[in-house]
Structures are given as structure tokens and as C-alpha cells.
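Heads up, the thing below is written out as C-alpha cells.
The values are calculated or read from the model by the stated rules, or taken from the named source; none is laboratory data. Here the structure is a predicted model, which is why all the values come from computation and not from measurement. Cβ: placed from backbone, ideal geometry, glycine included. Neighbour counts: every protein chain shown. Side chains included, ligands, DNA and RNA excluded: accessible areas come from the protein's heavy atoms. Shrake-Rupley method; radii C 1.70, N 1.55, O 1.52, S 1.80 Å.
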Amino acid sequence: MNISLVNDNPDRAASQTMRHAMVASQLRTNAVSDQRILVAMNTLPREAFVPAEVRSIAYRDTALPVAGGRAINLPMVTGRLLTEAYLERGDRVLLIGAAGGYAAAILAQIVAEVVAVEENAALAALAREALAGIANVRLVEAPLAAGAAEHGPYDVLLVDGAIEHVPDVLVGQVKTGGRVVTGLVENGVIRLASGRKTDGGFGLSPFMDSDCVVLPGFAAPKGFRF
């Protein structure tokens, strides 16, 4: 895989310095401990996966606003979700909320195959360009809540954002024994959560309160409770 810096970045050394600082101050200090993830996030030029208007702040510890009311997740949140997925080399991963393709590119360095779903046309176009040439990533432009059943089943479901509930249609695309990581919105509080699908059902356990971008299309049914 060969992802180069965007052509209009005037200072590659400065970008590398900011990337190292992101890993040291945002990731390592927040329990992003998987060395494979740290190496990938220390290598990939994050600015290549965000719109031009926010490239100058690509390494800030904040969500990056983009068109259509969407935002790109904080690096720490993406790193924690990836860490809690306990990724294995042979995994097939369904990524919901591909945005500009950053999380998909990280995953591509660690797992066998990534199917990344994005419904925002502008973000999907950015991801398609940024991920060009990465053979083990398939980008699917479709509603986030629908997933990509035609390419499943998956060992891991990773939702790179916060949602009110995980739809049954997504759970159904995960293998029995598969891992699920996501942000959860509960009574106005956002937490990161993880769980496994078993023969007996599916559940999630929060592991961290955190800022996290909220993804559209996942409103909980009336009366729904985890």
C-alpha cells in the first residue's frame, strides 16, 4: 500500500511532526495500546483523508466538520474503537461511517479485508480517491444503517461514530462470535462500547465516556432500550 501526502501540503516534515505528536499526546495517553494501530496512525497522512478546507487542522484533538452536517471522528476515538475490536490478521471488517477513508486505510494495514460503507456522496468521493490502490478495501456507497450484506458475513463490525442503537440488519451481517465496537448515544450521553454476537444474542458494554461524532440514520425505535 502506498499513500502519499496530498500535493498541496507545503511541509511534509511539519505534517510528520504533527502526526507523531498526535500519537504521543492523543493516542498513547488514552489507552490506544495496539502497536499495529499506533504504527498505522503514525504513518498514514491523515490530511489525505479529509476535505481540503480542514487539512490544516487534520491532527487536532477534535471532530472535523464537513459538508452535509457530518463530521470526521476524533483520532483518539477511532483509535480506541480499533483497539477494542481486538483485530486479527484474517478478519473481514465491516466499517460503518467510512467518511474520507482514514479508518479503512488503518484497518487495511492490519486485517485481511475491509468493506467500508459511506452514504455521503462527497465523503465517498474523497474516500474513493484516497483509498485508490489499496487492494483489500472495498468502498460501498449506501445508507449507513443498511451495511453491506452482499459482501458479508464479517468478523468485526466497527461503527466509527455514535448511534442510538445497532440495527438488527447490521448485527445479522456479523458472524457468531464476531466483535462489535461503536459509539452509543444514551440519554444525551455518548459512550464507546464493545460486545460480541453469540448464539444467544447480542449485547454491548460501554467502556469509555467520550466525545464522538453522531452518525445519521440510527434513531432508536420508540421504547427501545439496550
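Once backbone amide H atoms are built at 1.01 Å from N, Ile72 has Leu64, Val66 as its partners under 5 Å, excluding neighbours fewer than 5 places away on the same chain.
Near Arg70, once Lys and Arg are set to +1 and Asp and Glu to -1 for all other residues with Cβ below 13 Å from its Cβ, the sum equals -3.
Remark: spin-label model distance Asn136-Glu186 equals 3.4 nm, labels positioned 7 Å along the Cα→Cβ axis. Given contacts defined as C-alpha pairs under 8 Å and at least six residues apart, what's the relative contact order of the range 1-116, whole-number percent? Relative contact order here is 24 percent.
Taking the Cα atoms of the range 168-223, the ratio Rg/Rh between the radius of gyration and the Kirkwood radius comes to 0.97. Just so you know, the averaged projected area of the alpha carbon convex hull for the chain sits at 11.5 nm².
A Förster radius of 25 Å, combined with the Cβ-Cβ distance separating Ala220 from Arg128, puts the computed FRET efficiency at roughly 0.20. Stokes-Einstein diffusion for the range 122-226 at 4 °C, viscosity 1.567 mPa s, with a Kirkwood radius from C-alpha pairs, works out to 87 µm²/s.
Applied to the range 145-159, the Karplus parametrisation 6.51 cos²θ - 1.76 cosθ + 1.60 on θ = phi - 60° returns per-residue 3J(HN,Hα) values of 6, 8, x, 8, 4, 5, 10, x, x, 10, 7, 9, 10, 10, 9 Hz, with x for Gly and Pro.
Suppose R0 equals 30 Å. What FRET efficiency, 1/(1 + (r/R0)^6) with r the Cβ-Cβ distance, do Ser205 and Ala21 give to the nearest 0.05? Efficiency at R0 = 30 Å is approximately 0.40. Comparing the range 46-155 with the 2.2 N^0.38 Å rule of thumb, its C-alpha radius of gyration ratio is 1.00 (two decimals).
Amide H contacts of Val214 (H built 1.01 Å from N, in plane; Pro and chain starts excluded): Ala162 sit under 5 Å, all sequence-distant by 5 or more or on other chains. Calculated FRET efficiency, Val169 to Ala14, Cβ-Cβ distance, R0 = 41 Å: about 0.40 to the nearest 0.05.
3J(HN,Hα) couplings calculated from phi for the range 170-182 with the Karplus curve 6.51 cos²θ - 1.76 cosθ + 1.60 (θ = phi - 60°) are, in sequence order, 6, 4, x, 8, 9, 5, 4, x, x, 9, 10, 10, 6 Hz; Gly and Pro show x. What a 1.4 Å probe finds exposed on the chain is 50% carbon and sulfur by accessible area, rounded to a whole percent. Per-residue ellipticity at 222 nm from helix content only, as computed over the chain with -39500 (n - 2.57) for each DSSP H run of at least four residues, stands at -6000 deg cm²/dmol.
Around the Cα centre of the chain, unit charges on the Cβ atoms of Lys, Arg, Asp and Glu (plus for the first two, minus for the last two) sum to a dipole of about 340 debye.
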